Amino acid sequence: MAEYTKPIPSPDPVSQPFWDGAKEGKLTLPRCSDCNRVHWYPRVICPFCHSMNIEWVEATGKGTIHTFAVQHNRGLVARGWGDEVPYVTAYIDLAEGDRMLTVLKGVDPNDPESIEIGGAVQIEFEEASEDVHIPFWRPV
């Protein structure tokens, strides 16, 4: 494995099921057993109905681009991302509902007009460490 130079998240008991799924190449999402809605990011209380009955479900890993931005400024980006400039961040509307902030790969950051709002995307994972695989999205 090549050295991963970007920040690596620290899984905690609330987010561990997400990271376990990511390690297997699966998108797992928390879903409220009471209102049946998924939510992103992981938390112990449903942001919609405030229930604490949360379960984890395997998602399709499909979504659409809600909006995006091209990151250009090396001085304002998080540690490890300077060498990636320019790159694209995006909000993805998940097929199961809710929205996820991510890095969008497989697009040309120098040609933002080629990135389609509403375009279909699929999740992929990059190995950051033995235990943490980072999600990103790519147009299909």
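With r defined as the distance between the Cβ atoms of Gln122 and Ile8 and R0 fixed at 25 Å, what FRET efficiency is calculated, to the nearest 0.05? It comes to 0.65. Taking the protein heavy atoms of the chain in the context of the full set of protein chains, the accessible area attributed to carbon and sulfur is 48 percent at 1.4 Å. Each label point was placed 7 Å from the Cα along the Cα-to-Cβ direction; for Glu84 and Lys62 their separation is 2.6 nm. For Glu126, the residues whose amide H sits under 5 Å from its own are Ile134, Phe136, ignoring neighbours fewer than 5 places away on the same chain, with H placed 1.01 Å from N. Near Gly63, once Lys and Arg are set to +1 and Asp and Glu to -1 for all other residues with Cβ below 15 Å from its Cβ, the sum equals -1.
Each other residue within a Cβ distance under 15 Å of Ser51 adds +1 if Lys or Arg and -1 if Asp or Glu, for a net charge of +1. Residue by residue, the stretch 112-129 carries 3J(HN,Hα) couplings of x, 5, 7, 8, 9, 4, x, x, 6, 9, 10, 7, 9, 10, 10, 6, 9, 8 Hz when phi is fed to the Karplus relation 6.51 cos²θ - 1.76 cosθ + 1.60 (θ = phi - 60°); x denotes Gly or Pro.
Excluding ligands, DNA and RNA, the accessible surface per residue across the chain is 57 Å² with a 1.4 Å probe. For the stretch 3-20, putting each phi into the Karplus relation 6.51 cos²θ - 1.76 cosθ + 1.60 with θ = phi - 60° gives couplings of 5, 8, 9, 8, x, 10, x, 9, x, 10, x, 6, 8, 3, x, 4, 5, 4 Hz, in residue order, rounded to whole numbers and with x for Gly and Pro. Annotation note: GluC sites (Glu not before Pro) in the stretch 1-87 located in DSSP loop regions with a Cβ neighbour count of at most 12 within 10 Å are Glu3, Glu24. Around the amide H of Thr28, modelled in the peptide plane, lie the amide H atoms of Ala22, Ala59, all under 5 Å away and 5 or more residues distant in sequence or on another chain. The Asn73 and Asp131 beta-carbon pair, evaluated with R₀ = 35 Å, returns a calculated FRET efficiency of approximately 0.65. Over the chain, the Kirkwood radius and the radius of gyration, each from Cα atoms, give a ratio Rg/Rh of 0.98. The residues packed around Trp81, meaning those with a beta-carbon under 9 Å from its beta-carbon, carry a net charge of +1 if Lys and Arg are +1 and Asp and Glu are -1.
The values are calculated or read from the model by the stated rules, or taken from the named source; none is laboratory data. All of these numbers come straight from a predicted model, not from anything done at the bench. As a convention, Cβ positions derive from the backbone with ideal geometry for all residues, glycine included, and neighbour counts pool all protein chains shown. To get the accessible areas, we keep the full protein, side chains included, count just its heavy atoms, and leave off ligands, DNA and RNA. Shrake-Rupley method; radii C 1.70, N 1.55, O 1.52, S 1.80 Å.
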